[in-house]
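Following: one structure in structure tokens, then a few remarks.
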Amino acid sequence: MLWAMTNDMGAASDFLFILFVPIIVTNIVIVLIVFIKDYLEKILSMCQLNKLLKGFMLYISSSLLVITGYIVGRFLITEKLNVISNDVSELSFVRDKTIANATSFGGNLIFLILLAVWFIGIFALGINQLIKERAFLKKLDRLSELITDGTSIETKDRLIEEMGIKKDFRVFINSIIPSPFIIGFVKPKIFLSENSLSDLETEIILRHEMTHLKVKDYFYRRLMFMLCVMYWFNPTVHIFLNKFIEINEMACDEATLKNYSDREKLIYAKLLRDMACSKPDIENIICLTGKTTISLQRRIINIMNSKKMMKRIPYIALSTLILGICPVISYAATNSSIDMQTYVIDMLDKDIEETADTELIEQQEMDNTDITAVMLEEAVPMSGSVDIDINVDGKIRVITNTVYMRKGSKVTFTLYADNSDNKFRIGLLDSKNKKVFVNSKSGEARHTFTVNTSGEYRLFIEGLENKNIHITGSIYI
């Protein structure tokens, strides 16, 4: 059995397509969620909306891998065809066309440049960000003091038992941060500022940061950070990140203040206002975005006007509906993207065929000519293109390897001699020694042959003069 697979998955164009299509598909579902976000805010509590967005975020992350795998699978799907031949018993043809396996543009410089720009952006915005963050955290560790006793530790121990937090963490105090935050997966740390706070304010702040810890908010923020780095050029992902962090903070406020009085909520709102002057470098490094004036106003309004939670069964039904629609949209959009690529390639093929030199007249005859034949060094694939750069020394025939082609297959020759008065012939020779050919005109031969009968064929270029002619161009099947 011979497996003939000509799709070049290593080509820059296919690699770019595999990377780019998943985010296009993801954009569609992100736009859907952002579009209905305002409506969801009216009917759901912030905690419920936050859980929904986390589920959506997990879907986005996993779907990127699934869609990528699906596209690669589509590119590798083949159609089997049984043939009668001494050398071949079965052939497999790639079903979906790609720029790499169906055109000669797969390794075009523009695709390589786009890939280079993409990865340069990932390094500049991702690796650089992580390096800056690591440097800042080292500085923060040097200037921070571990809290081992006092009111903060007593409050921490009481809240750990009350909230059922099992993961161990440490609390630090620092003079260079204006607002508290939590960071870390394996060994979480809570950093508090040196601002003078009452026991109630300390309790609420610690409860807020411990709520982030309990519901693993840091994990989701890091996940979104990686998506934003991977697709740094896509504004939709960054918009979703800001929306998520805003909702995430409001949900954490809501969960923190669930059992507090209106007076205590007002104290917390004033505390947020006082801490709103965060240093920009800290926000950028620690991913504490969402602290604009508008988001602060929304947080304070939400604190003072908390909504009731939707009942459990309607909430589960709504979440299932929203998250269930996403895979359907993703599947349809992915298939449409692949089909669109095939359609564009077919249209390009049609344009090539229509622009071929129609004055070249096809001729058919049995090949009874006694002519010297030499093999073309480059192997011709069953699907794809091959570059031609040969010297035809007199009346000889340069012939290719045998290629199996189905009825309706098209073979496009685009060849040029160095001089316009050079004459040569191009064509196909079947297994019964019947040939179809056209003669060049003005030193050029641009023509598309259509295979009328499935079978084995060899392509040839034949000199018509007793002199050496140099021919360049390409053959595309």
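The values are calculated or read from the model by the stated rules, or taken from the named source; none is laboratory data. Please read all numbers here as calculations on a predicted model, not as lab measurements. Methodologically, a virtual Cβ is constructed for each residue, glycine included, from the backbone with ideal geometry; neighbour enumeration extends over all protein chains shown. Quick note on the areas: whole protein, heavy atoms, side chains included, nothing else; ligands and nucleic acids left out. Shrake-Rupley method; radii C 1.70, N 1.55, O 1.52, S 1.80 Å.
General observations
- Matching entry among LEU53, LEU64, LEU58 (being crowded, with 17+ Cβ neighbours inside 10 Å and modelled with pLDDT of 85 or more): LEU53
- Some residue of region 178-190 being assigned to a helix (DSSP H, G or I) and within 42 Å of the chain's Cα centre (by Cα): no
- Cβ-Cβ contacts under 9 Å between residues 6 or more apart (or on different chains), taken from a first residue in region 187-210 that is closer than 20 Å to CYS252 by Cα and of a type in the set (Ser, Thr, Tyr) to a second residue that is open to solvent by 30 Å² or more (accessible area, probe 1.4 Å) and assigned to a helix (DSSP H, G or I), are listed as THR202/THR151.
- Comparison of THR293, THR372, THR355 shows that the only residue that is at pLDDT below 75, open to solvent by 80 Å² or more (accessible area, probe 1.4 Å), farther than 30 Å from LEU197 by Cα and out of contact with any helix residue (DSSP H, G or I) (no Cβ under 6 Å at 6 or more places or on another chain) is THR355.
- Against the list (1) under 42 Å from the mean Cα position of the chain (by Cα); (2) open to solvent by 30 Å² or more (accessible area, probe 1.4 Å), the condition ASN468 fails is (1).
- Tally, over region 167-176, of residues that are open to solvent by 10 Å² or more (accessible area, probe 1.4 Å) and assigned to a loop (DSSP other than H, G, I, E, B): 4
- Number of the condition not met by LEU206 [criteria: (1) closer than 30 Å to PHE35 by Cα; (2) of a type in the set (A, V, I, L, M); (3) modelled with pLDDT of 90 or more]: (1)
- A Cβ distance below 6 Å, combined with a sequence gap of six or more or placement on separate chains, defines the contacts here; from region 321-333, residues that are within 9 Å of VAL25 (Cβ to Cβ) reach residues that are assigned to a helix (DSSP H, G or I) and not hydrophobic (A, V, I, L, M, F, W, C) in the pairs SER330/SER63.
- When ASN234 is tested against (1) open to solvent by 20 Å² or more (accessible area, probe 1.4 Å); (2) in contact (Cβ under 8 Å) with a residue 60 or more places away in the chain, just one condition goes unmet, and that condition is (1).
- Residues satisfying the stated conditions in region 462-477, i.e. more than 16 Å from GLY408 (Cα to Cα) and assigned to a loop (DSSP other than H, G, I, E, B): LEU464, GLU465, ASN466, LYS467
- Within region 241-265, the set of residues being surrounded by fewer than 17 Cβ atoms within 10 Å (Cβ to Cβ), within 29 Å of THR26 (Cβ to Cβ) and among the basic types (Lys, Arg) is empty.
- Of all the criteria given as (1) of a type outside the set (Gly, Ala, Ser); (2) surrounded by fewer than 20 Cβ atoms within 10 Å (Cβ to Cβ); (3) at pLDDT below 90, the one not satisfied by ILE71 is (2).
- Positions within region 397-412 being within 14 Å of LEU429 (Cβ to Cβ) and under 35 Å from the mean Cα position of the chain (by Cα), in sequence order: MET405, VAL411
- Pairs linking a residue in region 463-474 that is over 20 Å from ARG446 (Cβ atoms) to a residue that is modelled with pLDDT under 90 and surrounded by 14 or more Cβ atoms within 10 Å (Cβ to Cβ), with Cβ atoms under 7 Å and 6 or more positions apart or on different chains, are ASN466/LYS395; ASN468/ASP393.
- Only listed residue being over 22 Å from LEU130 (Cα atoms), surrounded by fewer than 21 Cβ atoms within 10 Å (Cβ to Cβ) and touching a Ser or Thr at 6+ places or on another chain (Cβ under 6 Å), chosen from GLU201, GLU194, GLU162: GLU194
- Evaluation of LEU360 against the conditions (1) modelled with pLDDT under 85; (2) assigned to a helix (DSSP H, G or I); (3) open to solvent by less than 20 Å² (accessible area, probe 1.4 Å) shows that the sole unmet condition is (2).
- Screening region 308-342 for residues that are buried (at least 16 other Cβ atoms within 10 Å of the Cβ) and more than 25 Å from the chain's Cα centre (by Cα) and picking the one that is modelled with the lowest pLDDT gives MET310.
- Residue pairs whose Cβ atoms lie under 7 Å apart, separated by 6 or more positions or on different chains, with the first residue in region 133-154 and within 16 Å of GLU194 (Cβ to Cβ) and the second modelled with pLDDT under 85 and of a type in the set (Gly, Ala, Ser), are LEU143/SER175.
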